[in-house]
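Enquirer: My questions all concern the structure below.
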Amino acid sequence: MGRSYFVDEAVEKYLGGLLAADPGSCVTGLLAGQSSPQRDFVVLAVQTPQRESEGQLKSSRGSGPLDDIDVEWVTEHARQVSRMLPGGLCILGLFLVTPPELSKDAQNTLKRLIFAMDKCISKGRLWELTEEDVNDRVTLHICSKTKKTVCKTLDVKDPKSSSKPADWKYQTCVSSSWPMLTCSVEVDLQIPLTGSSSDNTDKCMKDCLKRWAKQIEAGNCLISGRQALDDSELISGQKKNLKTTHRQTFPARILVSDEQPELDERSSALVQLCSGSMRVRGVVHCRAYIHNNKPKARHAVQAIKRDIINTVSSRVEMFLEDLLISEGSRKGLCTGQQALPRRVFAPMPFSGLSVCDYMFPDESTADVADRLKEMLDWETPEEDIDISLESNQLFSPELEMTDSHSDDSSKHVSEVQVENPHIHKAPQYYAGVVVAATIALLATATSLLYFSE
């Protein structure tokens, strides 16, 4: 028996609307929701938007062969939408609508798209996968004429894997009562820069973010003021009703230590000559949703931690993308403070969940509403966009650069902690030698004083 996908009725209505709009066309799109070891939940479907290229419009709709589907644009759309999903939600797979004459080649096309999409999304991932993470991605093929659906899964970790059949079941109010975790996290990262080019800046920032992400993953989590135990139920001691529309909200806190998470690990200080530094600091608002099918505390903790890592990483990526575009005119980084985009939230139609977007200082809620329309294919009133959770001044990275052509005395020197698992016993050995030598010298000095008397 294959995996089961419980799909919100809003997804059924959306897909039905696509079929009614143009019955003879090919349409690609994303399926998003939450994955769990037992079952998956699909709460969002969105078609691939049109792409402007060289003055012409390229669309996900078309009557040509499936080979003409723009794989690069489909995967880029998936990457953009994955940024807009809060903790606990992710891209589960793809759907493809074709006329009957193209149904035979639909599965091969979906397989090609699935592997390309997963590679694109996982490229910038900073958190580590666990044994409980599901490697299967769903593919849904719909015949535009007969409306027949074929649901299958593919293991994205095995390129040679064959598709397996899966169950696709529509239900009402799939996510209406999912608990929500909220958390505000203070970020203060000092990033040494060894050069002024965008490639060098990208590498330095990603290396620093990887070390910071490990600290977040290793941190302790408090939910409603209590330590979250791995196997305990998130909603304990209460009568759980899967049909209720009431959503519980749990405040969370992440306690992070600067010490190494493993007792047997040691670190050594590396003195590094830098041309400048970048400081990323502020307070970020995070939220995560967890399904209400007997959720465990460890799943809720994992969802909120990953949202913390994702939202900081996404903003840094946006900054680097903007730097890469404007590098020719600015000739690299400039000194002073530059504000990263702040996170805003908007409701997801019919589900009660929310999605997020990132608003730059020179943007307004109208720009956010336009992006939601383009990326997620729905209209959002500007008054429904919540911009109050993060202040524009709270998340403003400081960039302190020095002239790379100046003398060495004016350059920054940074001390970076680097893991070195191969020297666990060496420090203890050399410390013992030094202590023994010191004792021998003291004994010799004492003897000389004694004989001199």
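The values are calculated or read from the model by the stated rules, or taken from the named source; none is laboratory data. Only a predicted model underlies this, so the values are computations on that prediction, with no experimental measurement involved. As a convention, Cβ positions derive from the backbone with ideal geometry for all residues, glycine included, and neighbour counts pool all protein chains shown. In case anyone asks, the SASA skips ligands and DNA or RNA and just uses the protein heavy atoms, side chains included. Shrake-Rupley method; radii C 1.70, N 1.55, O 1.52, S 1.80 Å.
Enquirer: Would you point out which residue out of THR182, THR194, THR153 is at pLDDT 95 or above and under 30 Å from MET278 (Cα atoms)?
Expert: THR182
Enquirer: Filter the stretch 1-31 down to the residues that are in a loop (DSSP other than H, G, I, E, B) and of a type in the set (D, E, K, R) and list them by number.
Expert: The answer is ARG3, ASP22.
Enquirer: Being touching a Leu at 6+ places or on another chain (Cβ under 9 Å), open to solvent by 50 Å² or more (accessible area, probe 1.4 Å) and either assigned to a helix (DSSP H, G or I) or modelled with pLDDT of 90 or more (or both): is that true of LYS210 here?
Expert: In short, yes.
Enquirer: Out of the residues in the stretch 141-168 meeting the condition of being part of a strand (DSSP E or B), in contact (Cβ under 8 Å) with a residue 60 or more places away in the chain and more than 28 Å from the chain's Cα centre (by Cα), tell me which one is nearest to PHE115 (Cα to Cα).
Expert: For the stretch 141-168, the residue satisfying everything is PRO165.
Enquirer: Within the group ALA288, ALA218, which residue is aliphatic (A, V, I, L, M), modelled with pLDDT of 90 or more and closer than 19 Å to LEU89 by Cβ?
Expert: ALA288
Enquirer: Of the residues in the stretch 169-181, how many are part of a strand (DSSP E or B), crowded, with 17+ Cβ neighbours inside 10 Å and of a type outside the set (A, V, I, L, M)?
Expert: The total comes to 0.
Enquirer: Give me the residue from the stretch 221-251 that is polar (S, T, N, Q) and modelled with pLDDT of 75 or more and, out of that set, surrounded by the fewest Cβ atoms within 10 Å (Cβ to Cβ).
Expert: THR249
Enquirer: Keeping to the stretch 155-201, report how many residues are in contact with a strand residue (DSSP E or B) (Cβ under 7 Å, 6 or more places away or on another chain) and within 30 Å of GLN107 (Cα to Cα).
Expert: Total satisfying the criteria: 14.
Enquirer: Please specify each residue of the stretch 83-126 satisfying the condition of being among the polar types (S, T, N, Q) and touching a residue at least 60 places away in the same chain (Cβ under 8 Å).
Expert: THR98
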